[in-house]
1. Please work out which one of (1) surrounded by fewer than 23 Cβ atoms within 10 Å (Cβ to Cβ); (2) at pLDDT below 95; (3) over 21 Å from residue 284 (Cα atoms) is the condition residue 356 fails and give its number.
2. So how many residues does segment 504-523 have that are within 18 Å of residue 559 (Cα to Cα), buried (at least 19 other Cβ atoms within 10 Å of the Cβ) and without any contact (Cβ under 8 Å) to a residue 60 or more places away in the chain?
3. Quick one: how many residues across segment 365-386 are on the phi < 0 side of the Ramachandran plot and more than 16 Å from the chain's Cα centre (by Cα)?
4. From the list 422, 429, 417, which one is in the same structural domain as residue 301 (by TED's automatic domain parsing), assigned to a loop (DSSP other than H, G, I, E, B) and more than 26 Å from residue 23 (Cα to Cα)?
5. Can you name every residue in segment 552-567 that is in contact (Cβ under 8 Å) with a residue 60 or more places away in the chain and within 20 Å of residue 478 (Cα to Cα)?
6. Which of the residues that make up segment 165-194 are touching a strand residue (DSSP E or B) at 6+ places or on another chain (Cβ under 6 Å), under 30 Å from residue 402 (Cβ atoms) and part of a loop (DSSP other than H, G, I, E, B)?
7. In this structure, is residue 143 surrounded by fewer than 24 Cβ atoms within 10 Å (Cβ to Cβ) and modelled with pLDDT of 90 or more?
8. Out of 158, 215, 162, which single residue is touching a strand residue (DSSP E or B) at 6+ places or on another chain (Cβ under 7 Å), at pLDDT below 90 and not in a loop (DSSP other than H, G, I, E, B)?
């Protein structure tokens, strides 16, 4: 949540920072601001709303500078407003600071600073931090980096910060704890950002800051990184695996639609090198290199949030069906406060698209302290979860810019499928013939997804009928129940229509009271071992006057004769059906939101990477 950009170098500072904000706007878009510095001067411009508003505001302003920092915000403390927007500055106007995260003890710090005569003008925790840095610097007559270090020692919470000062030109001090920051190293220029997207066209050399590290970025001088004890850290430069084309819409009107249609290719990338020998073998090195941990696991606990939690529910069924291991799925946000019972015989799997989800990272830390083996599944190379787990697997679906996850969900489900197959082979809970059959089906999945995407024109027409429904019910059984949850979440996220996902059998235990002619039901009903059961659920909805949209297997006749609308998908093995049946639900949500003229890429109140509690 929130995006930070910083730059020191000979380039067009204002242009680089603004373009960086556009790249990071998916992380938060309540307000935006920029601090432009040169010797003895810092100009700060900030506005409520999106980056476009900031650009318009700056048209007649002095943007001439040699270094700067910028920020796009997802509000935590204080409503979105010009005043509460970042950057925040010290009372004497000498220091400017941008911040992602939450300072938990900001009230105590604020009260202490007020006793020393500091005055505050915003509702934010960030202003407290910049005033603290300024006060320490003034009292101790120390450097900016020393003042930042001493201030952060007093802070409780999560943060990524970038700080500049009038009297320290061409210098940025940055630090992080539980919120990402990456430094890009170019030719006589240095970049700073919440992720690498703002500077991918300038450099491929990056340094990922670790927790409680402080970076000193100066024009014309080598990068220096220190810990809180002022010990200099080794700088580990990595090569960025990201291209500029991945960050563009490629002719699509929205990133979300592009990412939905990318899924044949992203799934192919996900399985490339992992399903080999024509499908006869599935290889996940993260599992094979730690096979004893999985063979001896007493149970598996999966921790995740949001869409990743829905993928985890599918993963639970896959692991239990294929591997016969007890599996629990926990919301990471609940897990971290539930006093969980974890033993060294447990395997904890942490799933996060961004690899930076605050609650999931906290769950990882708890699991590691308890001695469990922790396995990470993430999309972003070099993110915090891969760096803080014992082993893991990247889903390799490329940058996902649309806030509502699509290709990351199917990538997570695919990796969980490969994970289950790899463990099943190690444990001998599936025969070689069964593994080969599944492997061959997996190789066909990208082409099958491409076929399902051909339903888009039909779904676009269908969306016109349901655009102004006020409530939806999504129903599924078995592997299709988490798909129902995910379909309902997609509709809520981007169209703002209330929707609930339920196990179809539970409908009669309460939700059936809601069904009438004005509440449509979406029913995920592939031809699996629970098909006959869900037929009766469709009949129950219809008998109460409810309108139904059914996702069925091609050739279906029974549900097709009952439902109001039917979307047919190719037949695949039951364990692979979630990847196929979720595609029509993504498209339905997208087209309904478009009909309602909503901003599908940046839905209100949401941000892509949830790096605060």
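The values are calculated or read from the model by the stated rules, or taken from the named source; none is laboratory data. This structure is a prediction, so every number in the text was calculated from the model and none was measured. Ideal geometry is used to build each Cβ from the backbone, glycine not excepted, and the neighbour counts take in all protein chains shown.
1. (1)
2. 5
3. Residues in segment 365-386 being on the phi < 0 side of the Ramachandran plot and more than 16 Å from the chain's Cα centre (by Cα): 10 in total.
4. 429
5. Passing the criteria: only 567.
6. Within segment 165-194, 178, 179, 181, 194 qualify.
7. The answer is yes for residue 143.
8. Unique residue meeting the criteria: 158.
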